[in-house]
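The values are calculated or read from the model by the stated rules, or taken from the named source; none is laboratory data. On a predicted model such as this, the values are computed, not experimentally measured, just so you know. Neighbour counts are summed over all protein chains in view; Cβ atoms, including those assigned to glycine, are modelled from backbone coordinates with ideal geometry.
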């Protein structure tokens with residue numbers, strides 16, 4: 001990277017993995033432009049946080065063009081060093097029940113696919129010029145649920161994450177000649193405030209490392225993929241799940 005402050009655009013920044021990622025990048029000297037459907041949280045004490053926050057619901061595809069214009073306006077030299085697509089939704093039934101195919105209507109399918117997949121493609125498409133100018137990288141957050149039936153993640157969520165892994169490969173191949181790397185991380189059971197009941201016990205049974213992952217561990221992997229140590233890594237999906245996928 002040049003001798004200037006690198007810039008990250010991060011979606012889904014208000015809690016969990018996104019919050020830990022914003023904190024880690026900020027602590028390492030990055031300017032972090034956060035995107036969330038929620039207002040900026042006072043629990044996020046990084047520099048220029050409120051000024052560098054965009055409140056945007058990624059389900060509102062019609063709002064994306066104006067949001068992209070706003071993002072570009074915030075890049076003083078037209079360069080974006082990293083885009084991390086962390087935003088994601090996993091709708092539940094009554095009592096937090098898993099939604100299978102039979103319980104998932106068209107509106108829910110469309111809502112999940114807009115947020116978890118389609119908006120990702122459109123954000124990268126809209127910011128590719130700025131990423132190319134910086135020799136930047138993209139990191140998409142997939143899930144272990146994209147490769148196996150999961151007891152808590154529903155059908156629409158799982159399908160969206162499987163498709164996001166495929167989209168990652170497609171974009172890696174398409175944008176590598178333009179100097180932009182595209183990778184994914186695939187978290188397993190991570191300790192956040194939105195865990196389904198029973199996840200900790202599930203991890204103790206099913207995860208070889210016999211524990212939940214920490215958001216900081218996921219953030220560190222994202223930071224690695226966005227940095228010079230990963231300069232020859234593209235099209236990869238890094239599993240962060242304590243061996244749950246083996």
Which of the numbered conditions does residue 217 fail, given that it passes all the others? Conditions: (1) at pLDDT below 95; (2) in contact with a strand residue (DSSP E or B) (Cβ under 7 Å, 6 or more places away or on another chain); (3) more than 18 Å from residue 8 (Cβ to Cβ); (4) buried (at least 21 other Cβ atoms within 10 Å of the Cβ). (4)
I'd like to know if the stretch 25-45 contains one or more residues that are in contact with a helix residue (DSSP H, G or I) (Cβ under 8 Å, 6 or more places away or on another chain), surrounded by 13 or more Cβ atoms within 10 Å (Cβ to Cβ), in a helix (DSSP H, G or I) and modelled with pLDDT of 95 or more. yes
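Being in contact (Cβ under 8 Å) with a residue 60 or more places away in the chain, closer than 22 Å to residue 238 by Cβ and touching a helix residue (DSSP H, G or I) at 6+ places or on another chain (Cβ under 8 Å): is that true of residue 153 here?
Values: in contact (Cβ under 8 Å) with a residue 60 or more places away in the chain: yes; closer than 22 Å to residue 238 by Cβ: yes; touching a helix residue (DSSP H, G or I) at 6+ places or on another chain (Cβ under 8 Å): yes.
So residue 153 fits the description; yes.
Regarding the stretch 142-156, can at least one residue be identified that is in a helix (DSSP H, G or I) and more than 18 Å from the chain's Cα centre (by Cα)? Give the steps one after another, and end with the answer.
Initially, the stretch 142-156 is screened for residues in a helix (DSSP H, G or I), giving 144-146, 155-156.
Subsequent filtering for residues that are more than 18 Å from the chain's Cα centre (by Cα) retains 155.
Scanning the stretch 142-156, I find at least one residue that is in a helix (DSSP H, G or I) and more than 18 Å from the chain's Cα centre (by Cα), so the answer is yes.
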So which of 58, 99 is at negative phi, touching a residue at least 40 places away in the same chain (Cβ under 8 Å), surrounded by 21 or more Cβ atoms within 10 Å (Cβ to Cβ) and not in a helix (DSSP H, G or I)? 58
